[in-house]
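Below: one structure, written as structure tokens.
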Amino acid sequence: MNQCPECGQKRQADEYRCLNCGCFYSQLDEILAAEEAEQYRTSIKGRLNAIRTADHPKQALFDELSSIKKNTSGKTFFTLWVIFAFIFALIVSVL
């Protein structure tokens, strides 16, 4: 929290109380705001926004896909492969 919730005065360094009105700053608000920002950053919407606003979107997309591949287990890849194979088999049998 960079401003006082009561008067809007800019916060001075590590003060726990506003110098203008005496209102206490809430550290819980800071923790919650940081957690919310981290949650947004790791969400699909946040990741897509980061790729879209990057200087080099292709490289950002490649980096994002690489990190997804690195953080995904073998069981997940096998499950996705089975699902795609099943869908492919259904489509081929209909045609």
Residue in the stretch 70-93 that is of a type in the set (A, V, I, L, M), surrounded by 12 or more Cβ atoms within 10 Å (Cβ to Cβ) and free of Cβ contacts under 8 Å to residues at least 40 places away in the same chain present = no
Does any residue in the stretch 1-12 that is under 15 Å from ALA33 (Cα atoms) come within less than 8 Å, Cβ to Cβ, of a residue that is of a type in the set (Gly, Ala, Ser) six or more places away or on a different chain, and which pairs are these?
-> MET1/SER26; MET1/ALA33; PRO5/SER26
Could you list, in sequence order, all residues of the stretch 26-39 that are of a type outside the set (A, V, I, L, M) and open to solvent by 100 Å² or more (accessible area, probe 1.4 Å)?
-> GLU35, GLU36, GLN39
Considering each residue of the stretch 22-44, count those that are over 30 Å from LEU65 (Cβ atoms) and either modelled with pLDDT of 80 or more or of a type in the set (Phe, Trp, Tyr) (or both), and give that number.
-> 2
Within the stretch 47-64, can one find any residue that is open to solvent by less than 80 Å² (accessible area, probe 1.4 Å), in contact with an Asp or Glu (Cβ under 9 Å, 6 or more places away or on another chain), at pLDDT below 85 and among the small types (Gly, Ala, Ser)?
-> no
Please enumerate the residues belonging to the stretch 32-69 that are touching a residue at least 12 places away in the same chain (Cβ under 8 Å) and either out of contact with any helix residue (DSSP H, G or I) (no Cβ under 9 Å at 6 or more places or on another chain) or at positive phi (or both).
-> ALA33
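The values are calculated or read from the model by the stated rules, or taken from the named source; none is laboratory data. Just so it is clear, the model here is predicted, and its values are computed rather than measured. FYI the Cβ positions are ideal-geometry reconstructions off the backbone, even for glycines, and counts take in every protein chain you see. The protein model used for the area step is the full one, side chains on, heavy atoms only, and it has no ligands, DNA or RNA in it. Shrake-Rupley method; radii C 1.70, N 1.55, O 1.52, S 1.80 Å.
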